[in-house]
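Following: one structure in structure tokens, then a few remarks.
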Amino acid sequence: MAIARDILRFFHRWLADPRHIGAIVPSGRALADLITRHVHGRSGRVAEFGAGTGAFTRALLSRGVREANLVLIERDEEFATCLRRRFPRAHVLTMEAERFGEWAQAERFAAGAIVSGLPLLNLTHDSRRHILSGAFSSLCGDGALYQFTYGLTCPVPGALLEHLQLEAICMGRVLRNLPPAAVYRIHRRRSISVAAFA
Ligand SMILES: C[S@@+](CC[C@H](N)C(=O)[O-])C[C@H]1O[C@@H](n2cnc3c(N)ncnc32)[C@H](O)[C@@H]1O
């Protein structure tokens, strides 16, 4: 029943704002499992961008992340209200993920991992740059951002990864999702020691 209600709510929001909602239905269980695969109770505080109705949030909780350690960023008021009702101990922020870096700095928020359901391909280059630089200013040393896409390649262009000194690896594709999707793990580029080649 809750699933049917979420599908209707999503479709309704998508009709109102297709560019930002970016999908006609919430992500399925298989995609939620893949995008949260590396996140666990010891990841510490975890941020989720574009949490929607909570498809990835539920998977994060079942991986052992404490609800109180979750910060859910969602620009859509209706989805944010639904998230507050469903996850009352999580910190739900009704705002654009572009402002996350500013917020994290003001709050001294350090994330162990960030999971993103944002429709990055629908956002401008400037938005993507702001979102990624904000995310990596908050992520701890080897923390990563997990991003899904319906596209065939990484939704962050190579030049932007290069500019921010990041790398992306594809964690796999999920065919059992509407539409099928791929997940990328984006992390800081590891510097290669010159001594290793001496
Ligand atoms: C493709 S849906 C994914 C929702 C959910 N994570 C899922 O997988 O079912 C994208 C979500 O990102 C939100 N969103 C889009 N642009 C955003 C932005 N700039 N900042 C925060 N949320 C945004 C939308 O409102 C929507 O809830």
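Once the principal axes of the Cα atoms of the range 27-142 are found, what is the range along each, listed largest first in whole angstroms?
Largest to smallest, the principal-axis extents are 33, 32, 25 Å.
Going through the range 97-198, which trypsin sites (Lys or Arg not before Pro) have at most 11 other Cβ atoms within 10 Å and a DSSP loop state? Present the calculation step by step, with values, prior to reporting the outcome.
Values: sites: Arg99, Arg108, Arg128, Arg129, Arg173, Arg176, Arg185, Arg188, Arg189, Arg190; in loops: Arg108, Arg176, Arg189, Arg190.
In loop regions of the range 97-198 (DSSP not H, G, I, E or B), the sparsely surrounded trypsin sites (Lys or Arg not before Pro) are Arg108, Arg176, Arg189, Arg190.
Using helices alone, I'd like the mean residue ellipticity at 222 nm for the chain: each DSSP H run of four-plus residues gives -39500 (n - 2.57), total over residue count, nearest 500.
Numbers: 8 runs with 72 residues, N = 198.
Helix-only estimate at 222 nm: -10500 deg cm²/dmol.
Carbon and sulfur: what percent of the range 2-197's accessible surface (1.4 Å probe)?
Working: 5440 of 9980 Å².
On the range 2-197, the fraction of accessible area on carbon and sulfur atoms equals 55 percent.
Which whole-number value in Å² is the accessible area per residue of the range 2-197, probe 1.4 Å? Please report the intermediate quantities before stating the final value.
Numbers: 9980 Å² over 196 residues.
Accessible area per residue, the range 2-197: 51 Å².
Could you pull the Rg and Dmax for the range 2-197, using just the Cα atoms, both in Å?
When restricted to Cα atoms, the range 2-197 yields Rg and Dmax of 16.1, 58 Å.
The values are calculated or read from the model by the stated rules, or taken from the named source; none is laboratory data. As the structure is a prediction and not an experimental result, all values here were calculated from the model. No Cβ is skipped: glycine too gets one built from the backbone with ideal geometry, and neighbour counts run over all protein chains shown. Just the protein is used for accessible areas: all its heavy atoms, side chains included, with ligands, DNA and RNA removed. Shrake-Rupley method; radii C 1.70, N 1.55, O 1.52, S 1.80 Å.
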